[in-house]
1. Within region 19-30, how many residues are within 24 Å of Leu168 (Cβ to Cβ) and open to solvent by less than 30 Å² (accessible area, probe 1.4 Å)?
2. Within region 254-261, is there a residue that is modelled with pLDDT of 95 or more, among the acidic types (Asp, Glu) and surrounded by fewer than 17 Cβ atoms within 10 Å (Cβ to Cβ)?
3. Restricting to region 275-311, name every residue that is assigned to a helix (DSSP H, G or I), of a type in the set (A, V, I, L, M) and without any contact (Cβ under 8 Å) to a residue 24 or more places away in the chain.
4. Look at Leu153 and say whether it is farther than 23 Å from Glu45 by Cα, assigned by TED's automatic domain parsing to the domain that holds Val11 and outside any loop (DSSP other than H, G, I, E, B).
5. Name the residues in region 85-111 that are open to solvent by less than 70 Å² (accessible area, probe 1.4 Å) and either among the polar types (S, T, N, Q) or within 8 Å of ligand 2 (Cβ to nearest atom) (or both), would you?
6. Tell me, yes or no, whether region 194-208 has at least one residue that is buried (at least 20 other Cβ atoms within 10 Å of the Cβ) and within 15 Å of Gly247 (Cα to Cα).
7. Tell me which residues, restricted to region 57-84, are among the acidic types (Asp, Glu) and near ligand 2 (Cβ under 9 Å from one of its atoms).
8. Checking Gly33 against (1) in contact (Cβ under 8 Å) with a residue 40 or more places away in the chain; (2) surrounded by fewer than 18 Cβ atoms within 10 Å (Cβ to Cβ): exactly one of these is not met. Which one?
Amino acid sequence: MDDSKDVLGVVFNIQRFSLHDGPGIRTLVFLKGCPLRCIWCANPEGLTLNNQVLLDKRKCIGCGDCIPCPNSAIYRSNKQYLTDPNLCNGCGQCVEVCKYQARKMSNNCMSALEVIKICEKDKFFFNNGGGGLTLSGGEPLSQHQFALAILKLAKQRNLNLAIETSALVKTSVFLSAISLCDHVFIDIKAINSNLHRQITGVSNQQILKNIRQMDEYLSEPEKEKVTLRIPLIPTCNAEVSIIKEIGEFITSLKGNYKTEILPFHNFGESKYEKLGLNYIFAGNGNMKEEEAIPYKELLSSMGVSVQINTH
Ligand code: SF4
Ligand code: SF4
């Protein structure tokens with residue numbers, strides 16, 4: 001018996017009516033947890049499975065109702081009450097007492113069927129605009145049983161499926177997930193393993209192995225559903241020699257994969273502030289599209305089918 005509908009997992013956001021990360025109007029489902037720690041991560045609330053407090057300072061009037069915190073994680077600063085993320089255990093008590101909705105928890109525990117029911121609300125738009133469900137994160141496959149359950153239920157309902165993945169997961173899980181999806185977006189951040197460790201906290205050995213396995217596993221027509229994505233990050237990988245190495249890896253694959261350069265954006269900055277975390281790119285602006293053009297030209301000259309994606 002297929003018990004996919006009852007599989008539970010942790011979601012940190014469901015964003016309806018998105019026009020990115022797949023064709024048409026999409027519902028993006030963001031799953032918590034990720035084995036990488038990319039220093040530019042735009043979704044820091046998706047990194048750990050721990051339940052975290054997000055504080056919106058614009059809403060905090062400094063009433064002090066949220067103290068005392070059982071873990072002494074809340075402290076006064078400039079007439080507001082902030083959270084020390086190192087002391088908070090995510091009990092949620094402060095969220096319940098805050099009358100101004102300044103505090104909210106990051107985690108939403110849901111069943112796979114509950115996720116699908118939310119997505120199905122937009123079936124009319126999916127059917128008329130070629131849209132569907134996109135699984136994202138975090139690394140959605142870090143909760144692989146939950147992710148695969150959502151994909152299977154969605155497939156049974158003929159929803160168009162996309163996944164955004166780092167490919168840092170067991171090969172069998174990776175191949176199962178991409179088999180179920182109509183569109184697959186895979187990040188490549190660096191080829192040199194030491195550099196990859198420096199900028200993401202982990203080796204890329206399994207990631208590159210999985211991409212090569214995928215290259216063997218997918219038929220030629222199936223390869224068309226894959227897009228390789230290169231986040232272009234100042235001080236991390238925005239250098240000619242690093243992007244050239246990525247180009248060499250891509251052209252060594254059998255498939256002629258669509259490739260996108262994603263210039264650095266700063267959309268995640270406010271989330272670091274809400275979580276009380278330091279952000280190395282605080283105050284930096286978005287990278288301009290023109291800055292990515294030389295890298296696009298480099299990859300094009302190597303035979304990569306590449307576009308710049310600024311969304
Ligand atoms: S209860 Fe809410 S509004 Fe009052 S100090 Fe705490 S976070 Fe701010
Ligand atoms: S959730 Fe709120 S009350 Fe609970 S430990 Fe964290 S800061 Fe304190």
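1. Final tally of qualifying residues: 5.
2. Within region 254-261 (the criterion being modelled with pLDDT of 95 or more, among the acidic types (Asp, Glu) and surrounded by fewer than 17 Cβ atoms within 10 Å (Cβ to Cβ)), the answer is no, since none of the residues qualifies.
3. If the condition is that a residue be assigned to a helix (DSSP H, G or I), of a type in the set (A, V, I, L, M) and without any contact (Cβ under 8 Å) to a residue 24 or more places away in the chain, then Ile293 is the only one that fits.
4. It is true that Leu153 is farther than 23 Å from Glu45 by Cα, assigned by TED's automatic domain parsing to the domain that holds Val11 and outside any loop (DSSP other than H, G, I, E, B).
5. Cys88, Gly90, Gly92, Cys94, Val95, Arg103, Met105, Ser106, Asn107, Ser111
6. No - not one qualifying residue is present in region 194-208.
7. Asp84
8. Failed condition: (2).
The values are calculated or read from the model by the stated rules, or taken from the named source; none is laboratory data. All values derive from a computational prediction rather than experimental measurement. Quick reminder, even Gly has a Cβ in these numbers, built from the backbone with ideal geometry, and neighbours come from all protein chains shown. To get the accessible areas, we keep the full protein, side chains included, count just its heavy atoms, and leave off ligands, DNA and RNA. Shrake-Rupley method; radii C 1.70, N 1.55, O 1.52, S 1.80 Å.
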